[in-house]
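> Input: one structure, supplied below.
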Amino acid sequence: MTGKREHGTHIEGSTVVGAVFGGRNNRVRVGEVRVGDGADGLAELRKLVARLRLELAARPEDPTHVRAEAHAESLAAELDRDEPDMGRVRSGWKRLRGLLTGLAAGGALAEIVDAISGFL
């Protein structure tokens, strides 16, 4: 591999033998033996983003929370589609996580950030 993601599929690990994947939004995590996320994974990710939005909405006076909440709303909108574009989800999460770095110094917010990062 050249280091580029091609066709939305990315495989990490040492040796992969006999695996064939087709379609959009495929995922393979060799270290965790995780192939795809399926409906359960998507449902859990949606729940985590909903929890994140609630945590951010609890501090409406903080401008950083307000900006992060707007990004979380966009992320939730993409996840609510019948077939979310996981490339868009990941790039949206990357931007949102940048805002959350200073906010998630512990507690529930940090826990949610870690859980979402585990999916993406």
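We did not get these values from a lab; they are worked out from the coordinates using the rules stated. Being a predicted model, the structure only gives us computed values, none of them experimental. No Cβ is skipped: glycine too gets one built from the backbone with ideal geometry, and neighbour counts run over all protein chains shown.
> Which residues, taken from the range 91-120, are surrounded by 15 or more Cβ atoms within 10 Å (Cβ to Cβ) and within 15 Å of Gly41 (Cβ to Cβ)?
Within the range 91-120, Trp93, Ala115, Ile116, Phe119, Leu120 qualify.
> Hey, another quick one. Quick one: in the range 74-90, which of the residues that are free of Cβ contacts under 8 Å to residues at least 24 places away in the same chain and not small (Gly, Ala, Ser) is surrounded by the fewest Cβ atoms within 10 Å (Cβ to Cβ)?
Within the range 74-90, the first condition is being free of Cβ contacts under 8 Å to residues at least 24 places away in the same chain, and the residues that meet it are 74, 77-78, 81-82, 88.
Applying the additional criterion that residues be not small (Gly, Ala, Ser) yields 78, 81-82, 88.
Values: Glu78: 17, Arg81: 10, Asp82: 4, Arg88: 15.
Once the filter is applied, the top-ranked residue is Asp82.
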